[in-house]
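For reference, the structure discussed in these notes is given below.
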Amino acid sequence: MLTPVVFCFVPAMISLEEADEKTAAYLFVTPLGKKGYLSARFGVPAVAAFLITVILLPVFKLTALSPAAILLFAAGGTQQGMIVALLILTLSSNKLEGMAVTKLSTLMILGAVIPFFIKDNLQYALLLFPSFWIGKAACENILIYMIPAFALSAIWIYFLLKRYLRKM
């Protein structure tokens, strides 16, 4: 999840800088519009993060992973990166706040380690975090746990994107 988070953090900070300098409004009136701006600003880095993760994960893995697991974990990590970027954009109004929110929002990734250390039902306290389900899938080697991870990621992204668009 770290590679996609870093890849998605950079455009979030660039977007905050454009908002600080009041240049974002001018970019929206170009032929790209808001959707094109968001695609260029977040879609391209997210796709790059996915591809880099698919390449790096087999090289630096700690355990054997199937090709399906690599693709699913890369996709889940990419969605996690998009969630962190959208959290930065929706919760901060300038670059300084963006740095503080970055530190807080990356705590969402810690949900991935919980299934490795807490084995009883207490671990389900974090079931609303997609990273928890990614960690559960990795810990128990059961890829079906990626379904709730993708569903929760879609919900997080939908609501955060909706809030960000209202903020713009």
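The values are calculated or read from the model by the stated rules, or taken from the named source; none is laboratory data. None of the values given here were measured: they were computed from a predicted structure. Every residue, glycine as well, gets a Cβ built from its backbone with ideal geometry; the counts of neighbours run over all protein chains shown. Heads up: the accessible areas ignore ligands, DNA and RNA and are worked out on the full protein's heavy atoms, side chains in. Shrake-Rupley method; radii C 1.70, N 1.55, O 1.52, S 1.80 Å.
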Taking only Cα atoms, what is the 0 to 90° angle, nearest 10, from helix 67-91's long axis to the longest principal axis of the chain?
40
What does the highest-first list of 49-57, 114-122, 33-41 look like by mean Cβ count within 10 Å?
49-57, 33-41, 114-122
Run the accessible area of the chain with a 1.4 Å probe and give the carbon-and-sulfur part as a rounded percent.
75
Crossing angle, helix 95-105 versus the chain [Cα axis fit, 0-90 degrees, rounded to tens]
20
Å² per residue, accessible surface of the chain at 1.4 Å:
55
May I ask you to list the residues of the stretch 65-86 whose amide nitrogen lies under 17 Å from a point 7 Å from Cα along the Cα→beta-carbon direction of Leu165?
83, 86
Too long at a 22 Å Cα-Cα cut-off: which of Lys95/Lys167; Lys22/Lys95; Lys61/Lys136; Lys34/Lys167; Lys136/Lys162; Lys34/Lys162?
Lys136/Lys162
What is the spin-label model distance, in nm, from Asn121 to Ile52 if the labels are put 7 Å beyond Cα along the C-beta direction?
4.2
Is any residue of the stretch 66-87 close enough, with backbone N under 15 Å, to a label point placed 7 angstrom from the Cα of Leu104 along the Cα-Cβ axis, and if so, which?
84-87
Arranged from highest to lowest average of other beta-carbon atoms within 10 Å per residue, in what order do the peptides 142-150, 99-107 appear?
142-150, 99-107
Could you tell me which of rounded, prolate or oblate describes the chain, using a ≥ b ≥ c as the square roots of the eigenvalues of the alpha-carbon gyration tensor, with rounded for a/c under 1.5 and, failing that, prolate when a/b is larger than b/c and oblate otherwise?
prolate
Round to the nearest 10 and give me the degree value, 0 to 90, for the angle of helix 44-59's Cα axis relative to the longest principal axis of the chain.
30
